[in-house]
Amino acid sequence: MPVLAIDGDDFTLDGEPFRIISGGLHYFRVHPDQWADRLRKARLMGLNTVETYVPWNLHQPRPDVFRLDAGLDLPAFLDLAAAEGLHVLLRPGPYICAEWEGGGLPSWLLTDPDIRLRSQHPAYLSAVEGYFEQLLPPLLDRLATRGGPVIAVQVENEFGAYSDEWAHLHHLAELLRRHGVDVPLFTCDQPADLARGSLPGVLATANFGSRARQGLATLRAHQPDGPLMCTEFWIGWFDRWGGHHVVREPAAAAQELDELLATGASVNLYMFHGGTSYGFTNGANDKHTYRPTVGSYDYDAPLDEAGDPTAKYHAFREVIAKYAPVPEEPVPQPSPKLGGITVPLIESAPLFGNLPVLGTPVPSERPLAMEQLQQDFGYVLYKAILPGAGPAVLELEDVRDRAQVFVDGQPVGVLERERHERALAFTVPRAGSVLRVLVENQGRVNYGQGLHDRKGLLGRVLVNGVELTGWTNLPLTLRTLDEIGFGAGEGPVVGPAFHRGTFEVAEPADTFVHLPGWTKGNVWVNGFHLGRHWSRGPQRSLHLPGPVLRPGPNEITVLELHATGPARTVELRDRPDLGPTEE
């Protein structure tokens, strides 16, 4: 593959003038069997490059575990990009933001109470160096200097919005070079943060979604020489639980893209295809109020969540054709979808009745945080004995992020971090009643100073002003549901429970799981964790990739955290419901 270089104010590829026209496509948000399809559609829209982050927390879920397999086979993704004739902008972090759990930083970093993330703190630096030692060597053959598709590599991500510790940014750039990364390096920041987030000798780029000439002028004032590039041209946005589905009108977004390309600058569309934050991998924001992000990362992108071209795809293709060659091949049609399938969930299993097969309890005087339990995602069930009967006020010093409270198995209330709730009143029926608090990690903060986002019950628990001690802590990662004991699901169910059913498929295809009448929980199909459902919205469907299905019988399991009626069904439809948009 040709090698990217900087020649004055221009990029060149093997000495020929080159403009990067790229789009974001995160391999970890797309089923690996669909990578090739998405890459082909990127080329057909007129892109010559794709961009991807690398999520440290998935590749190294524990300090002694490193993965580059299955849906995390980054070398395979890069090879597919090369086969499609696409270049790659690689953004390995270690911090990526991306509306991803913890901004991609693994939760085990937070077991050190003194650690300072994204800094020169020795424990953090040691972890980053260990990560790069494992990530980078298998990728070196994919660098353009060795015939691969990776033409440039980013140093950290929007560092200027977080810190001015220039020594850390310099250290990361040196670390990349030391491990053999010899293609151009670049940083990216919003225009106001360029001075804090850039490095001498490293190309600075800017992130914005409108007023391109103004953003590029700020970049040029900061960096008098070198190519102009917008690394994140925001053509849509993400959604949060309790908000609305954010969209951006295609014609307006295309006009902004036209204005940017008319300047001669390079661009990376954020996103070209957003995909899905499957399982528990969504992030959150906390600007004085905690706001978890939904699982869909549709992003109102040119390719929708299921990978189909949208009106924005066609509008952008027309704009790109004014400035660069666009393939003459026809635009792909939407892929087939499954729909019109109603699935009765005829088996049930109470969560509290299956605890022995879901985790191992850990005793402690005070509740332990998830990180102390060496747990990354999921829930923790805390249990203690209440000392007396009668009226009680329960106070939780710090809920991270949503606590359901039960007394002798009966629900008595919910406390949410998002609503700044900490106290709950109820009546204890007898001395020796069992208090259970089921706490959900709804996504670690992925942006800003809230990154040190430990989960679970933090601090003291008080009952009528007196600290309650003597706890057991049960991590519920829900990585496998294989040993749960299901039985016939008859009648209403009061507490948290799993519900299971089967459905037949003649020919697998993408579809969307809708859960009308359900409240909150999680969905798995054939053991694949689609993500969270929540009646709060705006998202009211979950994307189910076709490769997860198989011809014949398929199994769907729903964890519902609240009560359900006797009729428990889910629906597979051929269209998503991402919620109402703002007027």
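The values are calculated or read from the model by the stated rules, or taken from the named source; none is laboratory data. Quick caveat: nothing in here was measured; it's all calculated off a predicted structure. With ideal geometry, Cβ positions are generated from the backbone for all residues, glycine too; neighbour counts draw on all protein chains shown. Only protein heavy atoms, including side chains, enter the accessible area calculation; ligands, DNA and RNA are left aside. Shrake-Rupley method; radii C 1.70, N 1.55, O 1.52, S 1.80 Å.
Things worth noting here:
- Of the accessible area of segment 392-507, computed with a 1.4 Å probe over protein heavy atoms only, carbon and sulfur atoms account for 48 percent.
- Accessible surface of residue 426 - all protein chains present, 1.4 Å probe, nearest 10 Å²: 20
- Take the Cα of residue 288, step 7 Å toward its Cβ, do the same at residue 364, and the gap between the two points is 3.1 nm.
- Highest mean packing first, where packing is the average number of other Cβ atoms within 10 Å per residue, the peptides 231-238, 496-503 line up as 231-238, 496-503.
- Within the accessible area of segment 1-90 (1.4 Å probe), percent carbon and sulfur: 50
- All distinct Cα pairs of the chain go into the 1/r average, and the inverse of that average, the Kirkwood radius, is 25.1 Å.
- Linear extension gain, residue 190 paired with residue 177, 0.36 nm per residue minus alpha-carbon span: 2.2 nm
- Sequence-distant aspartates and glutamates (8 or more away, or on other chains) whose Cα lies within less than 12 Å of residue 383: 365, 408
- Packing, taken as the mean count of other beta carbons within 10 Å per residue, orders the peptides 22-31, 286-295, 247-256 from highest to lowest as 22-31, 286-295, 247-256.
- With all protein chains kept in place, the per residue accessible area of the chain amounts to 37 square angstrom at a probe of 1.4 angstrom.
- Summed residue charge, Cβ within 13 Å of residue 124's Cβ, Lys/Arg positive, Asp/Glu negative: -3
- When only alpha carbons are used to place a centre, segment 155-184 and segment 434-461 end up 30 Å from one another.
- Full extension of the chain segment joining residue 221 with residue 125 gains 31.3 nm, where the gain is 0.36 nm per residue of separation less the Cα-Cα distance.
- 3J(HN,Hα) along segment 417-427, derived from phi through the Karplus expression 6.51 cos²θ - 1.76 cosθ + 1.60 where θ = phi - 60°, amounts to 4, 4, 9, 6, 9, 9, 10, 8, 10, 7, 10 Hz, with x in place of Gly and Pro.
- Per-residue Karplus couplings for segment 560-571, computed as 6.51 cos²θ - 1.76 cosθ + 1.60 with θ equal to phi - 60°, are listed in order as 10, 7, 10, 5, 10, x, x, 9, 10, 9, 10, 10 Hz, Gly and Pro entered as x.
- The long axis of helix 311-321 is offset from the longest Cα principal axis of the chain by roughly 20 degrees.
- Per-atom-type breakdown for segment 278-330 gives carbon and sulfur 51% of the accessible area (1.4 Å probe, protein chains only).
- Remark: spin-label model distance residue 574-residue 146 equals 4.7 nm, labels positioned 7 Å along the Cα→Cβ axis.
- The HN-Hα couplings worked out from phi for segment 540-546 by the Karplus form 6.51 cos²θ - 1.76 cosθ + 1.60 (θ = phi - 60°) are 10, 8, 10, 6, 10, x, x Hz, whole numbers, x standing for Gly and Pro.
- Annotation: for a label point projected 7 angstrom from Cα along Cα→Cβ of residue 322, residues of segment 256-280 with backbone N closer than 12 Å are 256-264.
- Report summary: the helix-based calculation at 222 nm, which adds -39500 (n - 2.57) for every DSSP H run with n ≥ 4 and divides by the residues of the chain, gives -4500 deg cm²/dmol.
- Measuring between their Cα centroids, segment 288-313 and segment 528-583 lie 16 Å from each other.
- Near residue 88: Cβ cut-off under 12 Å, other residues only, Lys/Arg at +1 and Asp/Glu at -1. The net charge is -1.
- In this simple spin-label approximation, residue 472 and residue 36 carry label points 7 Å from Cα along the Cα→Cβ vector, and these lie 5.1 nm apart.
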